[in-house]
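Note sheet for the following structure.
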Amino acid sequence: MNQKTMHNNILKVVMAGLLCAVGIIIPMFSPLKIVIPPASFTVASHVAVFIAMFISPAVGISVALGTTLGFLIGGFPIEVVLRALTHVIFTTIGAFWIKKQPEILASVKKSTLFAAIISLIHAACEVLVVLPFYVADPSKYANGFFVAIILLVGVGSVIHSMVDFAISYLVWQPLKKTFGVRTIQA
């Protein structure tokens, strides 16, 4: 292993660790959160995951798992924790897509289309993970299926994901230059 490869690997591990820490702190301490079971909306809770996804598949998956831990130890309902776990899916898809076509993040127009597709995948996964909870006890969600599952989890996740992607994209622009992230894509 050459020195550049070793440096890139160390940089990825350090960045994954820092992003995990940020991803754990945000859901635990953010005053900007709304929980309406089975949905929860914590502003910027996906930022660490998206930035990790921009770096590499391994970093993205690691941070998605780490942020799931944040929701678990943050005392969120199990439905919310399992929704966080589904982030591994959209993060993996997105990270491999970016690895194959890094130009996706080169413009706002391309990244917005990418964000919309990833947000739909994100929402679909979250809807699928909460469906068994609704089937097991429909009375648990007083809002009913359409409001609780389709609107709050489905549409709410798309909107939340798009907002957090926009924040991530803005944060990413100076970070990629500062940390030389282009050189660690692999």
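Applying the selection to the range 51-78, what residues are part of a loop (DSSP other than H, G, I, E, B) and over 19 Å from residue 123 (Cβ atoms)?
Initially, the range 51-78 is screened for residues part of a loop (DSSP other than H, G, I, E, B), giving 56, 74-77.
Selection gives 56, 74, 75.
So residue 97 passes all but one of these: (1) open to solvent by 30 Å² or more (accessible area, probe 1.4 Å); (2) among the hydrophobic types (A, V, I, L, M, F, W, C); (3) touching a residue at least 24 places away in the same chain (Cβ under 8 Å). Which condition number does it fail?
(3)
Do you know which residues across the range 120-134 are in contact with a helix residue (DSSP H, G or I) (Cβ under 9 Å, 6 or more places away or on another chain) and either hydrophobic (A, V, I, L, M, F, W, C) or under 14 Å from residue 93 (Cα atoms) (or both)? Outline the logic, then answer.
First, the residues of the range 120-134 that are in contact with a helix residue (DSSP H, G or I) (Cβ under 9 Å, 6 or more places away or on another chain): 120-127, 129-131, 133-134.
Once the filter is applied, which keeps residues that are in contact with a helix residue (DSSP H, G or I) (Cβ under 9 Å, 6 or more places away or on another chain) and either hydrophobic (A, V, I, L, M, F, W, C) or under 14 Å from residue 93 (Cα atoms) (or both), the range 120-134 yields 120, 121, 122, 123, 124, 125, 127, 129, 130, 131, 133.
Confirm whether residue 68 is surrounded by 18 or more Cβ atoms within 10 Å (Cβ to Cβ), without any contact (Cβ under 8 Å) to a residue 40 or more places away in the chain and either touching a strand residue (DSSP E or B) at 6+ places or on another chain (Cβ under 7 Å) or closer than 28 Å to residue 131 by Cα (or both). Even if it seems obvious, please write down each step before you answer.
On the way: surrounded by 18 or more Cβ atoms within 10 Å (Cβ to Cβ): yes; without any contact (Cβ under 8 Å) to a residue 40 or more places away in the chain: yes; either touching a strand residue (DSSP E or B) at 6+ places or on another chain (Cβ under 7 Å) or closer than 28 Å to residue 131 by Cα (or both): yes.
Answer is yes for this residue.
In this structure, does residue 90 turn out to be under 9 Å from the mean Cα position of the chain (by Cα) and modelled with pLDDT of 95 or more? Let's see the steps before the verdict.
Values: under 9 Å from the mean Cα position of the chain (by Cα): yes; modelled with pLDDT of 95 or more: yes.
Criteria met by residue 90.
List the pairs whose first member sits in the range 112-124 and is open to solvent by 60 Å² or more (accessible area, probe 1.4 Å), whose second member is assigned to a helix (DSSP H, G or I) and not small (Gly, Ala, Ser), and whose Cβ atoms are under 8 Å apart, counting only residues at least 6 apart or on separate chains?
120/158
For residues that are assigned to a helix (DSSP H, G or I) and open to solvent by 10 Å² or more (accessible area, probe 1.4 Å), tally how many sit in the range 41-50. Even if it seems obvious, please write down each step before you answer.
At the first step, the residues of the range 41-50 found to be assigned to a helix (DSSP H, G or I) are 47-50.
Narrowing the set further to residues that are open to solvent by 10 Å² or more (accessible area, probe 1.4 Å) leaves 47.
Of the residues in that region, 1 qualify.
The values are calculated or read from the model by the stated rules, or taken from the named source; none is laboratory data. Here the structure is a predicted model, which means the values were calculated and not measured. We place every Cβ from the backbone using ideal geometry, glycine too, and count neighbours over all the protein chains shown. Heads up: the accessible areas ignore ligands, DNA and RNA and are worked out on the full protein's heavy atoms, side chains in. Shrake-Rupley method; radii C 1.70, N 1.55, O 1.52, S 1.80 Å.
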